[in-house]
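The values are calculated or read from the model by the stated rules, or taken from the named source; none is laboratory data. Here the structure is a predicted model, which means the values were calculated and not measured. When we count neighbours, we look across all protein chains shown, and the Cβ atoms used for this are built from the backbone with ideal geometry, even at glycine.
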Amino acid sequence: MSGAKPLPPVDDDTRAWWEGLHRGVLLLQHCRACGSVQVYQRAMCGCCLGGDLEHREASGEGTIYSFSTVYRPPSAEFKDDVPYTVVLVELSEGPRMLSTLVDMAPDAVRIGQRVQIVYDRVTEAITLPRFRPLASSATTP
Ligand SMILES: [Zn+2]
């Protein structure tokens, strides 16, 4: 299906994140020292540089902070996907993460739209987090 597309590398810093997504769980790193919550996964806190981090399950819900619709595929592997919308989602827990939007026409996307995560298993090793409109706040054109 999408086997030819580039896939993110999994390393020791990000393994828990990918394993969580594989199980249908979005894990965020919480810093025990300063309380910061971060995406993406790192060996240290991006705020205080401390190393005392723990994973906590996130709600998987958030709000579209910004978006851009891609009409020209970045490479040949994506030619069947355009147009698609890249979204910067502000998670309910605070941090923002980049993803793509599904189940919504590009011209219906609005900043402030409530979204929820969907788990797109693209290979046995990689499940990508994508977002779709929250059913309760979906707008019909
Ligand atoms: Zn910290």
Name the single residue, out of those in the range 21-30 being outside any strand (DSSP E or B) and within 12 Å of the chain's Cα centre (by Cα), that is surrounded by the most Cβ atoms within 10 Å (Cβ to Cβ).
Leu26
If you check Asp13 against the conditions, is it in a loop (DSSP other than H, G, I, E, B), closer than 23 Å to Val118 by Cβ and at pLDDT below 95?
no
Under 8 Å between Cβ atoms, which residue pairs at least 6 apart in sequence (or on different chains) link something in the range 96-109 that is in contact (Cβ under 8 Å) with a residue 24 or more places away in the chain with a partner that is exposed (fewer than 15 other Cβ atoms within 10 Å of the Cβ) and among the polar types (S, T, N, Q)?
Ala108/Thr139
Does Ser99 qualify as being under 13 Å from the mean Cα position of the chain (by Cα) and not in a strand (DSSP E or B)?
no
For the range 81-106, the count of residues that are loosely packed, with under 14 Cβ neighbours inside 10 Å and charged (D, E, K, R) equals 2
Restricted to the range 31-62, and to residues that are in a strand (DSSP E or B) and farther than 21 Å from Val10 by Cα, which residue is farthest from the ligand (Cβ to nearest atom)?
Glu61
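Keeping to the range 111-122, report how many residues are surrounded by 13 or more Cβ atoms within 10 Å (Cβ to Cβ) and at pLDDT 95 or above.
Residues of the range 111-122 surrounded by 13 or more Cβ atoms within 10 Å (Cβ to Cβ): 113-120, 122.
After this cut, where a residue has to be at pLDDT 95 or above as well, the list is 113-120.
Qualifying residue count, the range 111-122: 8.
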In the range 43-63, which residues are touching a residue at least 24 places away in the same chain (Cβ under 8 Å) and exposed (fewer than 14 other Cβ atoms within 10 Å of the Cβ)?
Ala43, Glu54, Arg56, Glu57, Ser59
Could you count how many residues in the range 53-77 are out of contact with any Cys (no Cβ under 7 Å at 6 or more places or on another chain) and within 18 Å of Cys31 (Cα to Cα)?
6
